[in-house]
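Comments concern the structure below.
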Amino acid sequence: MSVFVDQETRLLVQGITGRDGSFHTRQMIGYGTKVVAGVTPGKGGQVFDGVVPVFDTVADAVRETRANASVIYVPAAVAASAIFEAADAGIALIVCITEGIVTRVLPYLHEHGARLVGPNCPGLISPSKSKVGIIPGNICRPGRIGVVSRSGTLTYEIVHQLSTHGLGQSTCIGIGGDPLIGTSFIHCLSAFQADSETDAVVMIGEIGGTDEQQAAEFVQTGMTKPVVGFIAGQTAPPGRRMGHAGAIISGSSGTAAEKMAAFSRAGISVMKRPADVVPLLQERL
Amino acid sequence: MATTPAEARASADRLGGKVVVKAQVHAGGRGKAGGVKLAQTAAEAEAHAKAILGMTIKGLTVHKVLIAPAAEIASESYVGIIVDRASQRPVVMVSPAGGIDIEAVAGQTPEKIHRLAIDPRYGLLPHQALTLGFALYEDVKQARAAADIMQKLYVAVYAVGASLAEINPLVTTPDGTVQALDAKIAIDDNELERRPDIAALRDPTAEAPEEVAAREAGLTFIKLDGTVGCCVNGAGLAMATMDLVKYYGGEPANFLDIGGSSNPQKVVDALRIITADPSVRSILFNIFGGITRCDDVANGIVQATQQFPLTVPLVIRLTGTNEALAIHILTQAGFSALTDMDEAVKQAVAKARAEGRAA
């Protein structure tokens, strides 16, 4: 087992013929992901790289290929529309790499029983099984650590530390840096707790909002597996948006100190720097 | 709008003399900072404008003042709409305790703030707006007037993809009229990329010049007070790098994210912006190549040093995609590169300290 994606994932790529979509589709196929279809309106009937059939609509693609997950690389202006379309076609897992505000999308997805990962996220990878999104496959190793993060390259840094010290990963999930996201820390922690192939979890948060505090409460009450946590932005000034739309300290709320304290109270081992991840995990395993 | 005291006086004359002079900066708390003043005469408006123009509010210099007719105020309320992260919905907030201290109201007497989460599919419904209106006013006419303003504000928020909009104060005048006296709207940078018509309203003079230059170069840059210049790919890693600089006893000079698909030109622009800061004593590159190719970054560093001299030491850490090629490019050009983040940060902090002593 792993979380959300595995060998059974039949992936559809929305925006497969675009610059980013085509590049990452090749990477995902190279990694072993079952990419069964692509969608670009107006390009239905083409075959991407001679292997992946392209359709005009998600509904067509699902009917013909039984795709059960979708990854979205379309431009920001049409990303919300792409998410609606995937949900309408019955896709259960929608991973949106593109950034964008999704206020109106979330209640709709909830009613359709679809899970959205992102937006504005690097996607997820279950090493040696399936990769959906843009996380570089070569830094991951199969293993028993679950990783969930609001960030992209910081996740790679920490996964790299794990892999080089022999700590492989069951699944790595980038949930995205926007203020509104489809899949929260809690959804992922809960899935890792239930996953028989995950022994411990690394949670990587950042300044802004209260998602990490809520996740800490969940860890305290709902998890038996050890959790190690990191918060980026200890030196970030209040009131400034640190790149990610969600990474902003408003007033005195959403600071790194507040989140790290919540982690400690909940029994989460708090990393002071990325390199602490390996020793802290070794203590807890 | 006036940019000089004389213009302020002329506007005040046109409005009959009794006016409010308001600093126009992208920050809250203007009133508390002395950026909003009531003038009884045009001459007084001129004097206030003279004092306010050029003053600094939350680090931003005031270049413009708004001259508005002074209203007789009987009561002050607050109306705001935010996109709430916890409920994942827009939330309308109103408070009968409006005016300049709404942040204090939120902190000290949260019961005076009424909140309502909105289903984004239906918007702010008339009866919901009216209920909020009655939270502000007992009089049904005033409650209806406030409800009407709230519904219009909600429509405006959605039309422009704003993450926050507020009317503060929403006032009643002695004759009972409900009037929005001042308003603020915040639109996220991501949304601006989609809305060039709104992006055109951006006033670059209200922002730090190096941050404007960075944005135009496709970089995210925030100036800080330290001495270690940072150039990183990815926002999370950039924050973690700043934190690590502090961990090893240094102070970061900036937040800088060169973004995902870097090309060498972005690196040249980044170095130009970092080196323009006279307090920078060393520059740290921290690149984890995923989509970002390390060789692109290496080429950018080499190109930059051919275009302008680097007067402070450079510490380069890169690992990931095309790492070996990047190290080859840098070595050929006389640079050395590290692959460990902690080691690189330690060196950058030590070099900043040594340069600081030499200077």
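Out of all the residues in region A:230-251, which are free of Cβ contacts under 8 Å to residues at least 60 places away in the same chain, assigned to a loop (DSSP other than H, G, I, E, B) and on the phi < 0 side of the Ramachandran plot? Spell out how you get there, then give the answer.
Step one: list which residues in region A:230-251 are free of Cβ contacts under 8 Å to residues at least 60 places away in the same chain, which gives A:231, A:233-242, A:248-251.
Among the residues that remain, those that are also assigned to a loop (DSSP other than H, G, I, E, B) are: A:233-240, A:242, A:249, A:251.
A:234, A:235, A:236, A:237, A:238, A:240, A:242, A:249 - these are the residues of region A:230-251 that are free of Cβ contacts under 8 Å to residues at least 60 places away in the same chain, assigned to a loop (DSSP other than H, G, I, E, B) and on the phi < 0 side of the Ramachandran plot.
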Only one residue in A:69, A:86, A:79 is closer than 28 Å to residue A:244 by Cα, under 20 Å from the mean Cα position of the chain (by Cα) and either at pLDDT below 95 or surrounded by fewer than 23 Cβ atoms within 10 Å (Cβ to Cβ) (or both), so which one is that?
A:79
Examine region A:264-276 for a residue that is more than 19 Å from residue A:147 (Cβ to Cβ) and either at pLDDT 95 or above or not in a loop (DSSP other than H, G, I, E, B) (or both), and state whether such a residue exists.
yes
Please determine, by comparing only the residues of region A:249-266 that are closer than 19 Å to residue B:235 by Cα and surrounded by 23 or more Cβ atoms within 10 Å (Cβ to Cβ), which one is nearest to the other protein chains (Cβ to nearest Cβ).
A:254
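Out of the residues in region B:326-359 that are of a type in the set (D, E, K, R) and part of a helix (DSSP H, G or I), which is nearest to residue B:241 (Cα to Cα)?
Result: B:342.
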Scanning region B:302-313 for residues that are within 17 Å of residue B:266 (Cα to Cα), among the aliphatic types (A, V, I, L, M) and not in a helix (DSSP H, G or I) gives B:310
So which residues in region A:193-224 are within 12 Å of chain B (Cβ to nearest Cβ) and polar (S, T, N, Q), if there are any at all?
A:210, A:213, A:214
Name the residues in region A:139-178 that are in a helix (DSSP H, G or I) and either assigned by TED's automatic domain parsing to the domain that holds residue A:26 or hydrophobic (A, V, I, L, M, F, W, C) (or both), would you?
A:139, A:154, A:158, A:159, A:162
Considering residues that are closer than 18 Å to residue B:267 by Cα, of a type outside the set (Val, Ile, Thr), out of contact with any strand residue (DSSP E or B) (no Cβ under 7 Å at 6 or more places or on another chain) and free of Cβ contacts under 8 Å to residues at least 40 places away in the same chain, the number found within region B:203-254 is 2
Per the filter on region B:68-102, residues over 26 Å from residue B:176 (Cα atoms) and touching a residue at least 12 places away in the same chain (Cβ under 8 Å) are B:82, B:83, B:84, B:87, B:89, B:90, B:91
Condition (residue is β-branched (Val, Ile, Thr), modelled with pLDDT of 95 or more and in a loop (DSSP other than H, G, I, E, B)) applied to region A:102-111: is it met by at least one residue?
no
Sort through B:53, B:15 and tell me the only one that's surrounded by fewer than 19 Cβ atoms within 10 Å (Cβ to Cβ), of a type in the set (A, V, I, L, M, F, W, C) and either more than 24 Å from residue B:153 (Cα to Cα) or without any contact (Cβ under 8 Å) to a residue 24 or more places away in the chain (or both).
B:15
Residues of region A:90-101 that turn out to be of a type in the set (A, V, I, L, M), over 14 Å from the mean Cα position of the chain (by Cα) and either more than 9 Å from chain B (Cβ to nearest Cβ) or in a strand (DSSP E or B) (or both), as a count:
2
Residue ID - nearest to residue B:189 (Cα to Cα), chosen from residues in region B:228-252 that are surrounded by fewer than 24 Cβ atoms within 10 Å (Cβ to Cβ) and more than 7 Å from every other protein chain (Cβ to nearest Cβ):
B:251
Selection from region B:61-80 of residues within 14 Å of chain A (Cβ to nearest Cβ) and either touching a Leu at 6+ places or on another chain (Cβ under 6 Å) or surrounded by fewer than 19 Cβ atoms within 10 Å (Cβ to Cβ) (or both) yields none
Return a yes/no flag: does region A:106-122 have any residue that is out of contact with any Ser or Thr (no Cβ under 9 Å at 6 or more places or on another chain), outside the structural domain of residue A:180 (by TED's automatic domain parsing) and buried (at least 24 other Cβ atoms within 10 Å of the Cβ).
no
Which one of these is within 12 Å of chain B (Cβ to nearest Cβ), buried (at least 21 other Cβ atoms within 10 Å of the Cβ) and of a type in the set (Val, Ile, Thr): A:227, A:277?
A:277
Tell me which residues, restricted to region A:56-77, are of a type outside the set (S, T, N, Q) and either within 14 Å of chain B (Cβ to nearest Cβ) or free of Cβ contacts under 8 Å to residues at least 40 places away in the same chain (or both).
A:56, A:59, A:60, A:63, A:64, A:73, A:74, A:75, A:76, A:77
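So which of B:276, B:298, B:324, B:333 is free of Cβ contacts under 8 Å to residues at least 24 places away in the same chain and assigned by TED's automatic domain parsing to the domain that holds residue B:212?
None of the others qualify; the one that does is B:324.
Free of Cβ contacts under 8 Å to residues at least 40 places away in the same chain and closer than 20 Å to residue B:321 by Cα, is that true of residue A:224?
no
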Residue list for region A:122-137, restricted to those being within 14 Å of chain B (Cβ to nearest Cβ) and on the phi > 0 side of the Ramachandran plot
A:123, A:133
I'd like the full set of residues that are over 12 Å from the mean Cα position of the chain (by Cα), within 13 Å of chain B (Cβ to nearest Cβ) and modelled with pLDDT of 95 or more, limited to region A:166-192.
A:186
Determine whether residue A:17 is within 14 Å of chain B (Cβ to nearest Cβ) and part of a loop (DSSP other than H, G, I, E, B).
no
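Are there any strands (runs of 3 or more DSSP E) wholly within region B:199-287 with 1 or more residues that are at pLDDT 95 or above and in contact with a helix residue (DSSP H, G or I) (Cβ under 9 Å, 6 or more places away or on another chain), and if so which?
Result: B:228-232, B:254-257.
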Out of (1) more than 28 Å from the chain's Cα centre (by Cα); (2) hydrophobic (A, V, I, L, M, F, W, C); (3) within 20 Å of residue B:354 (Cβ to Cβ); (4) surrounded by 22 or more Cβ atoms within 10 Å (Cβ to Cβ), the one residue B:310 does not meet is (4)
Kindly check whether there is at least one residue in region A:138-146 that is at pLDDT 95 or above, within 16 Å of residue A:25 (Cα to Cα) and away from chain B (no Cβ under 11 Å).
no
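The values are calculated or read from the model by the stated rules, or taken from the named source; none is laboratory data. As the structure is a computational prediction, the values presented were derived from the model and not from experiment. Methodologically, a virtual Cβ is constructed for each residue, glycine included, from the backbone with ideal geometry; neighbour enumeration extends over all protein chains shown.
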